[in-house]
Amino acid sequence: MVKTVGSFRNTQWDPILLISQIVAMQAVLYTTLGMIMFFVDVLATANHTLDHLFEYHEIHVFDLGGRLVICAFVLNSFVGALALWFIVRRTKLCLDFTCTFHLIHLIICWWYNSAFPTSFSWWLLNAVCGVLMCVCGEILCLKTELREIPVGYSALNQRADL
């Protein structure tokens, strides 16, 4: 089923592509978040645990460690924008993939903590990171999609000769 209405591009439902893009986004974002968090833990001389990634009580502004965790998540949202640009490559899908990542992150945090995240700072941080990731990803993808299509002089002459 190929639709070409109102678009220069054929769009086709491809669940394998969609699932592989979701898995790739999750892998890239959690890998980079883990690497950023490793350097943050070195700066804060903290233990390297998964709590910094999934424990919602770790997100606070009371000490240096909590502020560095917040900075790591914000930095990772910019990496997420780059991942949207490289993996998804469609402006209109950036919001979908951003929400999918954050929904899966919510489910993992809920499972990891055995409780639903109730911390206001966790929700605020994820909302800010989601907005940053989505908007920056859309800007990058839009710049790519709106690039001028080069039309050579020879192609114009060949059409005029016909």
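The values are calculated or read from the model by the stated rules, or taken from the named source; none is laboratory data. Since we're looking at a predicted model, the values are computed, not measured. All Cβ positions, glycine included, derive from the backbone under ideal geometry; neighbour counts span all protein chains shown. In case anyone asks, the SASA skips ligands and DNA or RNA and just uses the protein heavy atoms, side chains included. Shrake-Rupley method; radii C 1.70, N 1.55, O 1.52, S 1.80 Å.
Take residues that are free of Cβ contacts under 8 Å to residues at least 24 places away in the same chain and surrounded by fewer than 16 Cβ atoms within 10 Å (Cβ to Cβ) and tell me which of the helices (runs of 4 or more DSSP H) falling wholly in segment 1-114 contain 2 or more. Step through it out loud before you land on a result.
Details: elements: 15-44, 51-54, 64-83, 94-113.
In segment 1-114, 15-44, 64-83, 94-113 are the helices (runs of 4 or more DSSP H) which contain 2 or more residues that are free of Cβ contacts under 8 Å to residues at least 24 places away in the same chain and surrounded by fewer than 16 Cβ atoms within 10 Å (Cβ to Cβ).
Here is a yes/no grid of residues against (1) within 24 Å of Val135 (Cβ to Cβ); (2) of a type in the set (Gly, Ala, Ser); (3) in contact with a Phe, Trp or Tyr (Cβ under 9 Å, 6 or more places away or on another chain):
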{"residue": "Val42", "(1), (2), (3)": "no, no, no"}
{"residue": "Ala46", "(1), (2), (3)": "no, yes, no"}
{"residue": "His57", "(1), (2), (3)": "no, no, yes"}
{"residue": "Val61", "(1), (2), (3)": "yes, no, no"}
{"residue": "Val74", "(1), (2), (3)": "yes, no, no"}
{"residue": "Val79", "(1), (2), (3)": "yes, no, no"}
{"residue": "Arg89", "(1), (2), (3)": "yes, no, no"}
{"residue": "Trp111", "(1), (2), (3)": "no, no, yes"}
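Go through segment 118-134 and give me each residue that's open to solvent by less than 70 Å² (accessible area, probe 1.4 Å) and either closer than 13 Å to Cys94 by Cβ or within 10 Å of the chain's Cα centre (by Cα) (or both).
Scanning segment 118-134 gives Cys129, Gly130, Leu132, Met133, Cys134.
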